[in-house]
1. Kindly establish whether Pro158 is within 21 Å of Trp196 (Cα to Cα), in a loop (DSSP other than H, G, I, E, B) and modelled with pLDDT under 95.
2. How many residues are under 13 Å from Leu216 (Cβ atoms) and either open to solvent by 20 Å² or more (accessible area, probe 1.4 Å) or of a type in the set (A, V, I, L, M, F, W, C) (or both) when one looks only at the stretch 95-131?
3. Counting residues that are surrounded by 15 or more Cβ atoms within 10 Å (Cβ to Cβ) and touching a residue at least 60 places away in the same chain (Cβ under 8 Å), which strands (runs of 3 or more DSSP E) fully inside the stretch 5-94 reach at least 3?
4. So which residues in the stretch 105-114 are out of contact with any Asp or Glu (no Cβ under 8 Å at 6 or more places or on another chain) and either in contact (Cβ under 8 Å) with a residue 12 or more places away in the chain or closer than 12 Å to Asn143 by Cβ (or both), if there are any at all?
5. So, of the residues in the stretch 177-228 that are open to solvent by less than 30 Å² (accessible area, probe 1.4 Å) and of a type in the set (Ser, Thr, Tyr), which turns out to be farthest from Pro135 (Cα to Cα)?
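The values are calculated or read from the model by the stated rules, or taken from the named source; none is laboratory data. All figures in this text were calculated on a predicted structure; none of them were measured in a lab. Virtual Cβ from ideal backbone geometry, glycine too; neighbours counted across all protein chains shown. We work out accessible area using only protein heavy atoms, side chains counted, and drop any ligands, DNA or RNA first. Shrake-Rupley method; radii C 1.70, N 1.55, O 1.52, S 1.80 Å.
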Amino acid sequence: MKIATWNVNGIRARQAQVQEWIERERPDVVCLQEIKASLDQLPVWLCEIEGYWCYWHGSKGYSGVALHVRQDFAPERPAFEHPSFDYENRIVLARLPQATVASVYVPNGGKDFPAKMQFLSALENFVAQERSIAPLIICGDINIARTEMDVHPKERKPRAIGQLPEERAQLERIIAHGLVDVGRAREPENDQMFTWWAPWRNMRQRNIGWRLDYVLASEPLYPRVTSCAIQREVGTSDHAPVVAEIEF
């Protein structure tokens, strides 16, 4: 399974980039976040990407997630679901024979921090329940830099949302329910592994960023992981895609 996740920061602004990226990478599973569009705002070719079972879950101008599964990988259309705690179109999951995959966009928390913590707590409960049903892969923009290493030294701010101790503690509780932070597990000493950059002062080119985008996989799946890469050179979103490969 080649699984790719990308916060596109507006699918309409980046539809050509997304199309080119999918055609080049041909992921088996595509998780997108912050699509900022409803289905009726998308061109026909994007609503049903050739060769994929497509599921868009968005509204006009804000939030939104998508989950697409390659038809050669899953000959029958998978069941797409939303957990009960979904709000503002922030999570969709597909139950595949190999694993349950979720595309997740956690609230930033800048405007409503309690809502962010409530969503994360519900996500923890979801992981705790799902782990007994099937292997789980959570992909997306978690909007938390897990540790100090996940923020460039010039961007470390102890009271910045996304770096708060209570957020990091909640993320650790989620991971503790049998998940592995795949990118960090593969590169435990890499202090340059960022997925988001502020869109000014050439922060991306200078790689002065935060790691906010994750592939979290059930522990039994981790030995099957063969790669996990951040594609910093791809696209004009303020986030980079993350692409992982898992052998089944």
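1. yes
2. Narrowing the stretch 95-131 to residues under 13 Å from Leu216 (Cβ atoms): 99-104, 106, 120, 123-124, 126-127, 130-131.
Filter again for either open to solvent by 20 Å² or more (accessible area, probe 1.4 Å) or of a type in the set (A, V, I, L, M, F, W, C) (or both), leaving 99, 101-102, 104, 106, 120, 123-124, 126-127, 131.
Of the residues in the stretch 95-131, 11 are under 13 Å from Leu216 (Cβ atoms) and either open to solvent by 20 Å² or more (accessible area, probe 1.4 Å) or of a type in the set (A, V, I, L, M, F, W, C) (or both).
3. Because the criterion is at least 3 residues that are surrounded by 15 or more Cβ atoms within 10 Å (Cβ to Cβ) and touching a residue at least 60 places away in the same chain (Cβ under 8 Å), the strands (runs of 3 or more DSSP E) in the stretch 5-94 that meet it are 29-33.
4. Asn108, Gly110, Phe113
5. Thr195
Conditions (1) over 16 Å from Asn89 (Cα atoms); (2) within 20 Å of the chain's Cα centre (by Cα); (3) aromatic (Phe, Trp, Tyr), marked per residue:
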| residue | (1), (2), (3) |
| --- | --- |
| Trp21 | yes, yes, yes |
| Ala37 | no, yes, no |
| Pro43 | yes, no, no |
| Tyr52 | yes, yes, yes |
| His57 | no, yes, no |
| Tyr62 | no, yes, yes |
| Arg77 | yes, no, no |
